[in-house]
1. With the cut-off at 21 Å, report for segment 35-143 the share of all Cα pairs above it, as a whole percent.
2. Restricting to Cα pairs below 8 Å that are 6+ residues apart, what does the relative contact order work out to for the chain? Please round to a whole percent.
3. Please report the relative contact order for segment 350-438, taking Cα pairs under 8 Å with a sequence separation of at least 6, and give it as a percent rounded to a whole number.
4. Taking Lys351 as the anchor, which lysines have their alpha carbon closer than 21 Å to its alpha carbon, excluding any fewer than eight residues away along the same chain?
5. Could you give the C-alpha radius of gyration of segment 217-265 expressed as a fraction of 2.2 N^0.38 Å, taking N as the number of residues it contains?
6. Cβ under 13 Å from Ala27's Cβ, Ala27 left aside: what net charge do those residues give with Lys, Arg +1 and Asp, Glu -1?
7. Compute the Rg/Rh shape ratio of segment 270-417: radius of gyration over Kirkwood radius, all on alpha-carbon atoms.
8. Based on the alpha-carbon set only, what is the convex hull volume of segment 133-176 divided per residue, in Å³?
Amino acid sequence: MTIAALLRRTTDHALKYLASLDDRLIAPTASLAELRAAFVKPLPETGIPADQVIDALVNDVETGLLGSTSGRFFGWVIGGSLPAALAADWLTTIWDQNAAIYACGPAEAVVEEVCGQWLKQLLGIPASASFALVTGCQMAHATALAAARHKLLADRGWDVETNGLAGSTPLRVLTSERRHESLIRAVKFLGIGEAAIELVGCEADGQMRMTDLAATLQNAADTPTIVCLQAGDIHTGGFDPFPEACDIAHSHSAWVHIDGAFGLWVASSDRLRHLLSGAEQADSWVTDGHKWLNVPFDSGFAFVAHPAAHRAAMSQSASYLISVGDARDQLDWTPEWSRRGRGFPAYAAIKSLGRTGIAQLVEQCCDHAHRLVTEISTLPGAELVITPKINQGLVRFLSPDGDHDRRTDRIIEGIQAKGIAWFGGTTWQNKRVMRVSVCNWRTTDGDVDRAITSVRKILAEIS
Ligand SMILES: *Cc1c(COP(=O)(O)O)cnc(C)c1O
């Protein structure tokens, strides 16, 4: 089979999958044992034709796919793929550029420059900030915090890239219970160590308590400190008080890092932008393209207000690299060497929606989340826990026997098993709750109706 015929056949498979999204069950139906039975085979000694490989792959994955691209998937924080981004992602694979340096993929390098400028404008980040397109927020944290580590120690006369951390002043990381666990992992990667993280107290509404932040900074005034704030936490979608936190942190020469994996996107919306007021004063920001921008995985962005520190933390020269004029070589800013040309899909997503389209996507997801949470909460035995301020909210289900945690988990399992909609469970303030997260351009009012109807049925069925 020619490549052309193979790709046409693959397109047919792809279109068939997309067409099935509206009706297929969202939860996978295959068990782990069934999936292993389908895939686990002896290492093939000889190959088979590509079309047979693809046909078998499509057949074998069918019952093991989670329908997370469906408009009725409300688990974790998972975006869909915008048509333009999806198509650009296919082409990225075809072009197969190594986006390490300009010389290896000139168009991709320039597209990344444009993405960086556009993203800063969209997200309300100062134009002077440096940026990196990385795999996701996890690596964006690692990139931005490496810059923080560099600058805080360089300001104290210590060159961490040359000398490592042994012998330097220990760093400290202040955050709150709202932080995402990927932040902890980045702190581990960087050798700062989890024990260096101190939790600052929160107000009743979950915002970091500013008197505690000030007191904690005061406690060890000479310790180089990174303050990590949340722009949209995964349970409540809440935002920390950025103007006050930045003022307090900066008055102690601390570095302010903002995790806005999805929350930073409210900057595009006139209605919601106020939630980010003051965020522009931070020293670094991270967000995802594969969540609210609806770019296929993997797509994350790091921004740093101190480009020299960012570059010092990442850059590495090698005798065989080629630099061209004032071109931007991505490996001066990213933690990877060889890498996918992930600028193309992000560029296509932004170009296809424009600022107003992105604002509309964000607002529409928030409206859907609000309706899901408030309407599910009115169903018999349901209780409202958190009304979404943006696209995240919480509900739980009450049991006559008082074991609300068990009832909540059973209802969530029931909804997942039914396959019409998908919500995840989590523990929030020591209670089991069902999390509602809307992040996909595909979700329609009709999807919200179908999801609520499904929850109503499950509540009646499971006693
Ligand atoms: C998803 C998420 C992360 C981690 O991002 P990845 O893209 O999965 O690496 C970090 N912080 C928050 C708030 C998130 O929602």
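Rule-based calculations on the coordinates, nothing more; no lab input. Treat the numbers as computed from the prediction; the structure is a model and nothing was measured. Glycine also receives a Cβ, built like all others from the backbone with ideal geometry; neighbour counts cover every protein chain displayed.
1. So the pairs more than 21 Å apart make up 62 percent of the total in segment 35-143.
2. So the answer I get is 22 percent.
3. 25
4. Partners found: Lys120, Lys291.
5. This ratio for segment 217-265 stands at 1.23.
6. Counting the neighbours of Ala27, the net charge comes to +2.
7. That ratio is 1.13, to two decimals.
8. Values: hull volume 4.1 nm³, N = 44.
Each residue corresponds to 94 Å³ of Cα convex hull volume.
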